[in-house]
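The structure under discussion appears below in the form of structure tokens.
Since every read-out is calculated from the coordinates, none of them should be taken as a lab result. If you're wondering where the values come from, they're calculated on a predicted model, not measured in any experiment. All Cβ positions, even for glycine, are placed from backbone atoms using ideal geometry, and neighbour counts span all protein chains on display.
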Amino acid sequence: MKKSISIILTVAFSVLLSNGSFAQEEHKQSVSFDKTSHSSGLIIEGEKVSTTFTLTNKGEKPISISKVSSSCGCTVPTFSKDPIKKGEKGKVELVFNSKGRIGAFAKSAIVRFSDGTQQTLKIKGEVYKEIAKK
């Protein structure tokens, strides 16, 4: 009896795990980004650098961006608020403020979707202080 219960629990657990991974794979195919990382190169301290990431809904159902959280207050996200229908595009914009941030930087933002999945976007570059001319 114990062996039968153990087998049933193992099978049930395996089914639950496989369903979760299938949903994750389905999302990866239903939303695609034009890029997930961007290098801003060299920028002068004090500049604000904007990067737009475009996504396409390749799935059958509309999907919405629920929230975008950045890794630092120096990086401000804005994003498409309306549901993105099949075949349509949405955008996530990240604006990095380099004021007081000399040196290399690497920032990220997590895009959370209405179906519970997420995508990480990354920006990087190097900030240098402009030398005053005399």
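Using 0.36 nm per residue, how much length does the chain from Ser114 to Lys129 gain when fully extended, once their Cα-Cα distance is taken away?
Working: separation 15, 0.36 × 15 = 5.40 nm, distance 4.12 nm.
Once the chain is fully extended between Ser114 and Lys129, it gains 1.3 nm.
So if we plug the beta-carbon distance of Thr56 and Asn97 into 1/(1 + (r/R0)^6) with R0 = 30 Å, what FRET efficiency do we get, rounded to 0.05? Walk me through the intermediate numbers first.
On the way: r = 29 Å, r/R0 = 0.96.
With R0 = 30 Å, the Cβ-Cβ based efficiency is 0.55.
Using 0.36 nm times the number of residues separating Cys74 and Leu42, minus their current alpha carbon distance, what extension gain do you get? Walk me through the intermediate numbers first.
On the way: separation 32, 0.36 × 32 = 11.52 nm, distance 1.68 nm.
Extending this stretch completely gives an extra 9.8 nm.
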Given the pairs Lys86/Lys122; Lys58/Lys99; Lys61/Lys122; Lys58/Lys124, which are separated by over 32 angstrom at their Cα positions? Lys58/Lys99
